[in-house]
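The structure appears right after this line, and notes come after that.
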Amino acid sequence: MTAQTPFIQIRSVSRVFNGGNGVHDLSIDIPRGSFVVLLGPSGCGKSTTLRLIAGLETADHGTIAIDGKDVTNVPPSKRGLSMVFQSYALFPHLSVAENIIFGLKVRKTGKDEIKSRLTEALNVTGLEGYEDRKPAELSGGQRQRVALARAIVAGHPLCLMDEPLSNLDAKLRHSVRKDIRDLQQRLGITVVYVTHDQTEAMSMADIVILMKDGRIEQAGNPADLYLQPATAFAAGFVGSPPMALLPASALPDAVIPPKTDAGRLTFGIRPEDLVLSTDTSTKAWGISATVTGSEFLGAETFVYVAIPGTSGATARLPGQVHIAPGTQVSLSWAGAAAHWFGEDGQRLAPTATREAAREPNTSFETDTAIPSL
Amino acid sequence: MNDMARLQKQRLALYGWMLAAPALALMSLFAFYPAIATFWHSLFTRGTTRRPSVFAGFENYQDLFADPTFATVVWNNLIYAGVTIPVSIIFALIMALWANAHIPARSFVRSAYFTPTILPMIAAANLWLFFYTPDLGVIDQITGFFGASPTNWLGQPDTALASVIVVTIWKEAGFFMIFYLAALQTIPPDLREAARIEGAGRWTYTRRVLLPLLMPTTIFVFVNAMINSVKLIDHLFILTKGGPNNASKLILYWIWEMAFAYFDSPHAAAMTILVLLALGLVAVAQFRLVEKRTHYR
C-alpha cells in the first residue's frame, strides 16, 4: 500500500462474542479512495469487522482510526460514514425521498441544500420519478438503489456495504456490481464491502481481504489472491470452480518437489491448468483419473474427474468437449502451475506466475486425443 | 348474455350467500335483532300489571336528558375514557419498550407486567379493595409512613372515580403491552442501526421510526381501550357500586342499575341506544381520520 497515512487504520482490534466468534487481533490498513472487499465464509468475522468500523460494535482491544482520527470510542454518527445494509434497512413508512434525506434532516441540514442533494442522489442512482413511492412499492433492485442513494447523499468519504447484492437475482447482481464500482470511482469515495461471494470480490475490489475464523488469511489485489494464494484455504476459496486440493501422497513421486515429505504436502491446481489426455501411456508422470461427468457452459466445459485417494478435481476446458463418464484420462500440468501447501496450510514456494499458469491451455488445444466439436 | 356465463354468475352469488350465511345468522340473532328490539322497546312506557305499556315516542329519551344523573354519568364516563385510554396506552408502550430491551430477567419482567391481565376483574377488584382500605390498606400504610392521615379512597366523591381509574389502568396496561411487544419484535434491528448511522438518537428514532411503525398496533389498542372504557365496569360492583353520590358511576353501570335494580327497562333501552349511537359515530370518525394516516406493512 502507499506511503501516505492509510485512510482507515485498524490496529490489533479484537472483538470476541460468547462462543468464540468475532475477530482476533486484527490489523488492516485501507488506503484512501480504494475499494476494499472483506471476503470470507459465514462466521469468519467479516461483518463484525465492518460493524467495528461503523461503530455498531465496540472493540474489546485495539484502536480504529479513520482519516487520522482515533474513532475507537466515537459513536457511528460522528465517524463521517454511511452504510448499506444487506436488508437495505429502508424505513417502510417513509417515501423514497424521505428515506434518502432521513440523515440530512436529522442533522438539520438547510432546506435548499437538502433539495439539491436529494436531486443529485436521485439522478446518480436513476431513481427520478420514484420519490413519492414507499419501499414496498419498489422492486428489489430499486430498493437497493434507494439504499445506495441514502448512503451517498450525505457526501461522506467512506461508505460501508454489508452484502448489498445478496438479495438480488443473479442477472441484476452483475449490473449493480458494475454500477457500484462506477459510482465509487466517480465519487472518489472509499468503500469497504463485505461479501461471501468470491466473484463479487474478484470483480470489484482493489484490495481483497480474505478472512477466516476472525483472522486475516490473505490480503492483496485480486490477481495476487488468485495466482499466489497464501494458504490452502485461500486457494480453495477464491476461484470458481475452486482449485483442486489433493494430498501429495496420491501423486506420482516424479512431481513432488525434492526434499519434501509427500505425506505432509497438499497439492493445488487450478481447473484451467489441468491438461486432460485420453492417451494414458505417453506422459510418464501424469495422474490417472476417471471422468465422472461434465458441464457445458458455452465458452467452456467443466470436466469432473475422480482420482483415487482424493476428493477429485475439476478441469476447465475451452469450448465444447465431449467426453463420456467412465473414460480413463491422464492428468498433467505445466510444472509452474502447481501450488504446494505445507501441513499447516501455508504456501511453500512461490511457483505460479501469470504466464506459467496460462501455458497448459495452449498445449491442450494441440492435443487431439479428445474429440472436440 | 351467454347462458353458461349467467349460470356461473348465479352460482358464484349463491356461494357468496352460503359462505356469509353462518355469520349473518349469528350476527342477526345476537346483534342486529337485539339492537332493533332494544330501539323498539325504548319507544314504549314501562308496563305494569295495572298500566300496560303504551307507545311513548321519544319520551324516554327526553326523560334521560332531563335527569341530572345522566349528565353526571356521561361526564364521569368521559373522564374515565379520557384518562384510562391515553394513560394505559402510554404505560403499555413504555413497559413494552422496556421489556423488549436487553435487560436481565426479561421474561420475569414480561410475566410480571402481564399478571394483572390473567386475573379476573372481580378478583383484581377485591385485591384493590384491600389496597384502598382506609388506615389498614397498603396505600394508607405507605402514605401513613410519611405522616399522611388515613384516606377513604373509595368512600369520598373526590377520590372515588380516580381510584376506579387507577384499577382499570393497572388491569389494562399489561394486556396492551403484549400487543406492543409483539409489534416491536417484528421491527428489524437493522432499522435501528441505520438510524444510528444516519445520526438519529434514541428519541429521534422513537419519534420518526418506531412510533409510526407501531401506529397500526396503537390503533388496535386504542379501539380496545375505547371499548373497555364503556364496557369494563365489573370492578364497580366490588369497589364503589357507582357511589358515593354517583361520583364513580359509569354509563353501563347506570344502564344495568336502571334495568335490573329499578326494573325500568324502557329507560335502560333508550340509554343503550344512545351509547350505540355514540360508539357508532366514534367508529366512523376513527376509520375516516386515523386509518388514512397509518402505514400498514
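The values are calculated or read from the model by the stated rules, or taken from the named source; none is laboratory data. Worth saying up front: this structure is predicted, and the values here are computed from it rather than measured. Neighbour counts run over all protein chains shown; Cβ positions are idealised from the backbone, glycine included. Please note that ligands, DNA and RNA were not included when accessible areas were found on the heavy atoms of the full protein model with its side chains. Shrake-Rupley method; radii C 1.70, N 1.55, O 1.52, S 1.80 Å.
A Gaussian network model of chain A, with springs between Cα atoms under 10 Å, assigns the largest mean-square fluctuation among A:Ile180, A:Ile53, A:Ile269 to A:Ile180. Residues of segment B:195-211 whose accessible area (probe 1.4 Å, heavy atoms of protein chains only) drops by at least 10 Å² once all protein chains are present, relative to their chain alone: B:Ala195, B:Arg196, B:Ile197, B:Glu198, B:Gly199, B:Ala200, B:Thr204, B:Arg208, B:Val209.
So in segment A:8-227, what percent of DSSP beta bridges are antiparallel if you round to the nearest 5? Walk me through the intermediate numbers first.
Values: 18 of 36 bridges.
Antiparallel bridges make up about 50 percent of those DSSP assigns within segment A:8-227.
Express the accessible area of chain A per residue in Å², computed with a 1.4 Å probe while the remaining protein chains stay in the model. Mind showing how you got there, number by number?
Details: 16470 Å² over 373 residues.
With all protein chains present, chain A gives 44 Å² per residue.
Kirkwood-type hydrodynamic radius, chain A: 23.1 Å, calculated from all non-identical alpha-carbon pairs. Largest GNM mean-square fluctuation across A:Pro242, A:Pro157, A:Pro325, computed for chain A with C-alpha springs under 10 Å, falls on A:Pro325. Using a Förster distance of 35 angstrom, determine the FRET efficiency expected from the C-beta separation of A:Ser14 and A:Thr292, and round it to 0.05. For A:Ser14 and A:Thr292, the calculated efficiency is 0.20.
A:Tyr130 exposes around 60 Å² of accessible area when a 1.4 Å probe is run over every protein chain in place.
Using the Kirkwood radius over C-alpha pairs as Rh, can you work out the diffusion coefficient of segment B:79-173 via Stokes-Einstein at 37 °C, viscosity 0.692 mPa s, in µm² per second? The calculation lands on 221 µm²/s. Full extension of the chain between B:Ser149 and B:Tyr15 yields a length gain of 41.2 nm, computed as 0.36 nm times the residue separation minus the alpha carbon distance. A Förster radius of 35 Å, combined with the Cβ-Cβ distance separating A:Ala170 from B:Trp203, puts the computed FRET efficiency at roughly 0.25. A simple spin-label model places the labels of B:Ser28 and B:Arg51 3.8 nm from each other, with each point 7 Å out along Cα-to-Cβ.
Computed with every protein chain present, the accessible area of A:Arg51 is close to 50 Å² [probe 1.4 Å]. The coefficient of translational diffusion for chain B, derived via Stokes-Einstein from the alpha carbon Kirkwood radius under 10 °C and 1.306 mPa s, stands at 69 µm²/s. For segment B:168-293, the calculated P(r), taken from all Cα-Cα distances in 5 Å bins from zero up to the bin holding the longest distance, is 2, 9, 14, 14, 15, 13, 10, 8, 6, 5, 3, 2, 1, 0 percent. A Förster radius of 41 Å, combined with the Cβ-Cβ distance separating A:Ser139 from B:Thr117, puts the computed FRET efficiency at roughly 0.45. For segment A:116-155, the alpha-carbon coordinates run over 26, 16, 13 Å along the three principal axes, in decreasing order.
Note on A:89-99: average number of Cβ atoms from other chains within 10 Å of each residue's Cβ is 4. Per residue of peptide A:71-78, the mean number of Cβ atoms on other chains within 10 Å of the residue Cβ is 2. Averaging the Cα positions of each part gives two centres, and for segment B:17-85 and segment A:30-100 these lie 63 Å apart. Of A:Met204, B:Met4, the residue with the largest accessible area leads and the full order is B:Met4, A:Met204 (1.4 Å probe).
So for segment B:128-187, what percent of the C-alpha to C-alpha distances run longer than 18 Å?
Working: 861 of 1770 pairs.
Percentage above 18 Å: 49.
Placing a pseudo-label 7 Å from each Cα along the Cα-to-Cβ vector at B:Trp40 and B:Ala5 gives an inter-label distance of 4.4 nm.
Each semi-axis of the equivalent ellipsoid for segment A:242-357 is √(5λ) with λ an eigenvalue of the Cα gyration tensor; in descending order they amount to 24, 16, 13 Å.
If the viscosity is 0.890 mPa s and the temperature 25 °C, what Stokes-Einstein diffusion coefficient in µm²/s follows for segment B:109-237 when Rh is the Kirkwood radius over Cα pairs? Don't jump to the answer; show the numbers that get you there.
Details: Rh = 17.4 Å.
Result for D is 141 µm²/s.
Summed over all non-identical Cα pairs, the Kirkwood treatment of segment A:8-227 gives a radius of 17.8 Å. Take every pair of alpha-carbon atoms less than 8 Å apart whose residues are at least six positions apart; their mean separation over the length of chain B yields a relative contact order of 26 percent. Potential lengthening of the chain between A:Leu348 and A:Asp253 amounts to 32.5 nm, from the contour at 0.36 nm per residue minus the alpha-carbon distance.
Computed from Cα atoms alone, the Kirkwood hydrodynamic radius reported for segment B:1-132 is 21.9 Å.
For the chain pair A and B, the interface hides roughly 1900 square angstrom of accessible area in total, found with a 1.4 Å probe. In percent, rounded to a whole number, the relative contact order of segment A:242-357 is 29, using alpha-carbon pairs under 8 Å and six or more apart. Legend: helices of chain B (whole DSSP H runs) are marked when their alpha-carbon atoms reach 15 angstrom or more along the helix axis and their mean Kyte-Doolittle hydropathy is at least -1.0; marked are B:3-27, B:68-100, B:106-118, B:121-132, B:157-185, B:211-231, B:265-289.
Express the C-alpha Rg of segment A:1-80 as a ratio against the empirical globular expectation 2.2 N^0.38 Å, rounded to two decimals. Present the calculation step by step, with values, prior to reporting the outcome.
Values: Rg = 12.3 Å, N = 80, 2.2 N^0.38 = 11.6 Å.
For segment A:1-80, the normalised Cα radius of gyration is 1.06.
What the Cα convex hull of the protein assembly as shown gives, in volume per residue, is 305 Å³.
Take A:Arg150: with every protein chain present and a 1.4 Å probe, its accessible area is about 10 Å². Each Lys and Arg adds +1 at its Cβ and each Asp and Glu adds -1 at its Cβ; summed about the Cα centre, segment A:8-227 shows a dipole of about 460 debye. Counting only protein chain heavy atoms and rolling a 1.4 Å probe, the accessible areas of B:Ile238, A:Ile66 rank, largest first, as B:Ile238, A:Ile66.
Accessible surface of segment A:242-357, 1.4 Å probe: 54 percent of it comes from carbon and sulfur atoms. Ranking B:Met271, B:Met95 from most to least accessible surface, computed with a 1.4 Å probe over the protein chains only, gives B:Met95, B:Met271. Averaging sequence separations of C-alpha pairs under 8 Å and six or more residues apart, then dividing by the length of chain A, give the relative contact order as a whole percent. For chain A, the relative contact order is 15 percent.
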